[in-house]
Structures are given as C-alpha cells and as structure tokens.
1. So, in region 24-40, exactly how many residues are surrounded by fewer than 20 Cβ atoms within 10 Å (Cβ to Cβ), assigned to a loop (DSSP other than H, G, I, E, B) and in contact (Cβ under 8 Å) with a residue 24 or more places away in the chain?
2. Residue 46: in contact with a helix residue (DSSP H, G or I) (Cβ under 9 Å, 6 or more places away or on another chain) and either farther than 21 Å from residue 154 by Cβ or modelled with pLDDT under 95 (or both), yes or no?
3. Among 199, 238, 169, which is the only one that is in a helix (DSSP H, G or I) and outside the structural domain of residue 369 (by TED's automatic domain parsing)?
4. Consider residue 252 against the criteria (1) surrounded by fewer than 19 Cβ atoms within 10 Å (Cβ to Cβ); (2) modelled with pLDDT of 95 or more: it satisfies all of them except one. Which criterion is unmet?
5. If you go through region 151-161 one residue at a time, do you hit one that is at pLDDT below 90, in contact with a strand residue (DSSP E or B) (Cβ under 8 Å, 6 or more places away or on another chain) and either crowded, with 18+ Cβ neighbours inside 10 Å or closer than 16 Å to residue 48 by Cβ (or both)?
6. With 10, 31 as the choices, which residue is within 21 Å of residue 131 (Cβ to Cβ) and more than 19 Å from the chain's Cα centre (by Cα)?
7. Examine region 381-396 for a residue that is over 19 Å from the mean Cα position of the chain (by Cα), surrounded by fewer than 20 Cβ atoms within 10 Å (Cβ to Cβ) and at positive phi, and state whether such a residue exists.
C-alpha cells in the first residue's frame, strides 16, 4: 500500500513550490477522499487524491496535510489514521508516525484524531485558508476526511476567514515531470508494453473481448502495477466506434479489427496506450488503407509536441490532416468540404475526439487545452478514425514527452502494419 516509488525529497520540493506562492498568516489544508462502501463490510479500492499524493506521498485513507505560516515560517503537519487491535486483525497494519514521516519528509506527524484541536489552535493566528477544489462527491458521516465536505463546513464555521483555492498552483507544480517521476512513468509504460505483446500473441477469432482484458490485467499485476490506470477498452468490430466502450463482453469475429485502449498504473502514475490490430492477424486492404491513414497523421503529429504549442493547436492541425486523409479514403470530397455550412467540419463525422491530453498522476491530468507546452510535460497523441457503416474503428495512441525534440515513450511498441502482422503471425508459426 505504501511502497516507496519517489524519494521524500520530491515531496519536500513539491510542498515548497506551493508554499512559496502562498501568503503569510495562512494555512493550507487537503484531505484524502472518503472510502466508498460496496456492500456489507466491503469497500471499493481506495485511490489517494492525486494532489495530496503529490505533496506527501502517503497512499493511505483518512490522511490530512496541513501547512501553516505562523511565527514567520512554514510549519508542516501530517495527520494519519490510527487503528486499534480489532481493526488491525480485520484490515492489517497502517502506517506508523515514523513511517509516514520518512515517506513524506514531514517531521511532525500526528494521529488524525488530534486534527480538530490543533487546527483550532492555529486558526487563531491566520487570515487565509487555502484548499484544493475537488468534486463534491457523496461521503459518509463516519469518515473524518473528505476534502470539499470539510472545507464547506469550515466556510460556515469561520465566515470571517478568506478561503482561496490553489488548484492552479498545484497544476503548475504537477505539469512538468521531474526525473524521479519519469522513472516511475517509464515503468508504467514498460508494464503496458508487456501486456500489449501478450495481446499480440493471444488474439484470435472467436475469443471474447474479456479474455483479452484478462490478459492485460494478468500482465499488469504480475509486473507490480496497481492495476488499470483507467477502465480498459477492448472493442472489436463496430464496438470500436463507441468511444468509451468498456463492456468488453462481445465475441471477436474473423476479419474484424480490435481497438485497444489501456494503460498500467504504477506508483500512482498512468500510462495511456491505444493500438488497433486485426483479430485474425492480417489487415484487409481496406483496413490497411484506413490504418495507414491514421498512422501517417500519428507520425506527423509527434513533431507538434514542442515548447510553445497547445492542445488546441494540435487538435486543429491533426483535424486538418485527418480531413485530407478522409478525402483520399473516399469518405467525402473536397467539394463537400468547401460547401459544408454546418458548425462542425466534415472530419468530425469520423474523428470526434481530441488528439491530446496531459498525463501524469491522473490519466487525464491537470492542464488545459490552452496551456502552453513546456519541456518536460507529458501528453497523449491519439488520432483516430471511426467509420461505423463499415464497422471500422481505429485509434493509435502514445505518450509523448515535450521537448525541442519530442520523445515518444512508446517508440518500441509495435505500431506499423508490418510490425503488428509479423508479431501476430510469428506466434501462429510457433504454434
């Protein structure tokens, strides 16, 4: 649960980045999310708030971080869950104060039962309460944490205080990946590659999509990943034209394509990969033409991930390029493009989503479509083509590190028609 993936110096640096931008006579508070009941005494798997993890590295429920500026300096306090012997028997050990201090680099660690008293002592000396704006989800009254519920309550209890969200500061801190983070992300990518290679070996007609999903999670878990970074898409045939298809329960038919969108989560960081492969190991002529159209745009788009560009710019360029390819594929003509009076360009009929999003602690990470790229930012590159009337859905996606020369973290994944067919057919020969 609290395997150490990043040195505590990373979290110390993250907290300093934040506090350097906050006013004096203030306190910053962030709470871990609630645990959610599944049934009986079962809970859904806990996933730490990404901003809280970025600041202290603690992967445990009922965690609170408090940074306060009193007596001309910033003071750091971490509050963690304390369990009794009965809870320990049922749920296992939790972090001791010493362990939490070593992970986070915070010297003052207390049980969260003392939080209210210590907070009240500090509020006497502060004017501003900084917090992180998060979705106000359903919560449980018996849980002492829950970020926005606690903040909303405090706003009512202390109306004389100034409340300021710091999401923009934390986004700036998280956007540029440090070397320590990239090491973890590269491991998430390597685990994802392992799963992809397993898929190439095991995909066959008449298997079910969920059998491929089972292969993915097998490779993820055996390599030490926490699991999926997001719900995987294993979409065969026309299912691939449903952008967020996650049923993964249909039989895979001969002569169809299989669209895969999956990525491992390792050390709280996400990989994000899409590939499209022929279920029988061989692209038809039409499938090959459509696939290569997307691949040409995919390869050109890599060069756009340089400092100064934005997601909006990439979306516009890739849309234009995909439109040119669609004309060549006979999906519409240049004349129809010129005469189109609709608000949406014609290519949106067959390519409905954006090309890029930021990646990090969340698969759709902090950052906006207008955020100017800087060296060290990590984004997806994922052009696609969806021709529902032909039962063809294609998406090719990789993770690219922004730089003067962009770096494709999945450059060694099979992506060309020949590479994919060779990988799938070599297995046939071996068997």
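1. Of the residues in region 24-40, 4 are surrounded by fewer than 20 Cβ atoms within 10 Å (Cβ to Cβ), assigned to a loop (DSSP other than H, G, I, E, B) and in contact (Cβ under 8 Å) with a residue 24 or more places away in the chain.
2. no
3. Exactly one of 199, 238, 169 is in a helix (DSSP H, G or I) and outside the structural domain of residue 369 (by TED's automatic domain parsing), namely 169.
4. All conditions are met except number (1).
5. Yes - at least one qualifying residue is present in region 151-161.
6. 31
7. Yes: one or more hits.
Each row is one residue, and each column tells you yes or no for (1) surrounded by 12 or more Cβ atoms within 10 Å (Cβ to Cβ); (2) within 31 Å of the chain's Cα centre (by Cα); (3) in a helix (DSSP H, G or I).
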| position | (1), (2), (3) |
| --- | --- |
| 77 | yes, yes, no |
| 89 | no, no, yes |
| 95 | yes, yes, no |
| 101 | yes, yes, yes |
| 116 | no, no, yes |
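The values are calculated or read from the model by the stated rules, or taken from the named source; none is laboratory data. Keep in mind the model is a prediction, meaning the values are calculated, not measured. All Cβ positions, even for glycine, are placed from backbone atoms using ideal geometry, and neighbour counts span all protein chains on display.
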